[in-house]
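The values are calculated or read from the model by the stated rules, or taken from the named source; none is laboratory data. As the structure is a computational prediction, the values presented were derived from the model and not from experiment. Every residue, glycine among them, receives a Cβ derived from its backbone with ideal geometry; neighbour counts consider all protein chains shown.
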């Protein structure tokens, strides 16, 4: 099969879906791999790194999409990409369609089959293609949030970890999955007092094992409100596979926080989990609402493209190989869960529930 890897077009997005070694392995397995010129450059991979392994270089997006049958990219297609997609394309990437009705409509009009990384699901409920980027987003959320608390950044001027003679900072994390767990672990390692709200007992247990400065609680409304009111940094990392994220913070709760506090919404790709959240980009990553700094960038892992590309490629390669072998994604249980749209119709159950 002809596999096409286009250059990512979202602002400040430097990831590439296939690193040279992975593309070379696919060539050895008999596939024809095409890469758009400079698609790997921001991740530190030159065209020559690919061509040395038998990968063809397409001069531009039009040529890449013309040659490709299986289109493998990282982020959802935006305006320029949509001009080149065809009905016969098999699209494999992050889609997050629950939060993108306009994109959903365009893909339905095109009629292609779209398999979303974030909804490829193993029998036990694990999301293997979402996991690596979730971990990176969780860490970035705390790294950025820590900096946004600095006074020159508009923050309250507080060092999260504290030191002798000062109080520790307070971090609240919603969700103890891959993203929330990574955020909690980094905040705890930095010395902050961390409260994690989670509904699953097994995940609560995992969080308390991070250290004596971590508390795991069930998200009762009044407990959430009191915890958030005293928080310096709040990280939202709740997930319902394929669906819009539930709102765990109301505007009134945000208004009750101290000015200069910080909210980081990792769930923004799925619509966001705070009532005051709205999507931002790395070009304009923050805004202030109710006196609180919000960081809601929709492609957080794109800030570390070399690391992110290596991580996502290692996760998706076996699945790319399955799709490129001509296997019908509907015949594989995990890939079947990943199908969001096909032949002009919605397929994923979460999207069907949302449709009028």
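Some observations on this one:
- None of 102, 98 is in a helix (DSSP H, G or I), assigned by TED's automatic domain parsing to the domain that holds residue 62, within 17 Å of residue 345 (Cα to Cα) and under 18 Å from the mean Cα position of the chain (by Cα) except 98.
- On inspection, residue 260 fails the criterion of being part of a loop (DSSP other than H, G, I, E, B), within 19 Å of the chain's Cα centre (by Cα) and on the phi > 0 side of the Ramachandran plot.
- Some residue of region 101-111 being surrounded by 15 or more Cβ atoms within 10 Å (Cβ to Cβ), out of contact with any helix residue (DSSP H, G or I) (no Cβ under 8 Å at 6 or more places or on another chain) and over 30 Å from residue 278 (Cβ atoms): yes
- Flag for residue 154 being in contact with a strand residue (DSSP E or B) (Cβ under 7 Å, 6 or more places away or on another chain), surrounded by fewer than 18 Cβ atoms within 10 Å (Cβ to Cβ), touching a residue at least 24 places away in the same chain (Cβ under 8 Å) and in the same structural domain as residue 253 (by TED's automatic domain parsing): yes
For (1) surrounded by 15 or more Cβ atoms within 10 Å (Cβ to Cβ); (2) at negative phi; (3) in a strand (DSSP E or B); (4) modelled with pLDDT of 95 or more, each residue gets a yes or a no:
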residue: 182; (1), (2), (3), (4): yes, yes, no, yes
residue: 188; (1), (2), (3), (4): yes, yes, no, yes
residue: 194; (1), (2), (3), (4): yes, yes, yes, yes
residue: 199; (1), (2), (3), (4): no, yes, no, yes
residue: 206; (1), (2), (3), (4): yes, yes, no, yes
residue: 210; (1), (2), (3), (4): yes, yes, no, yes
residue: 216; (1), (2), (3), (4): yes, yes, yes, yes
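- Residue 162 passes every criterion in (1) surrounded by fewer than 21 Cβ atoms within 10 Å (Cβ to Cβ); (2) touching a residue at least 40 places away in the same chain (Cβ under 8 Å); (3) assigned by TED's automatic domain parsing to the domain that holds residue 259; (4) in a loop (DSSP other than H, G, I, E, B) apart from (2).
- Test: residue 122 is in contact with a helix residue (DSSP H, G or I) (Cβ under 9 Å, 6 or more places away or on another chain), without any contact (Cβ under 8 Å) to a residue 12 or more places away in the chain and assigned to a loop (DSSP other than H, G, I, E, B): no
- Test: residue in region 342-350 that is out of contact with any strand residue (DSSP E or B) (no Cβ under 6 Å at 6 or more places or on another chain) and without any contact (Cβ under 8 Å) to a residue 40 or more places away in the chain: no
- For region 229-249, filtering for residues that are within 22 Å of residue 134 (Cβ to Cβ) and over 23 Å from the mean Cα position of the chain (by Cα) leaves 1.
- Test: residue 222 is under 27 Å from residue 335 (Cα atoms) and either in the same structural domain as residue 144 (by TED's automatic domain parsing) or part of a strand (DSSP E or B) (or both): no
- Subset of region 48-62 (residues that are within 22 Å of residue 30 (Cβ to Cβ) and either in contact with a helix residue (DSSP H, G or I) (Cβ under 6 Å, 6 or more places away or on another chain) or in a helix (DSSP H, G or I) (or both)): 49, 50, 51, 53, 54, 55, 57, 58
- Comparison of 135, 74 shows that the only residue that is over 19 Å from residue 349 (Cβ atoms), in contact (Cβ under 8 Å) with a residue 40 or more places away in the chain and part of a helix (DSSP H, G or I) is 135.
- Filter result for the condition that a residue is crowded, with 23+ Cβ neighbours inside 10 Å, farther than 17 Å from residue 144 by Cβ and touching a strand residue (DSSP E or B) at 6+ places or on another chain (Cβ under 8 Å), over 263, 249: 249
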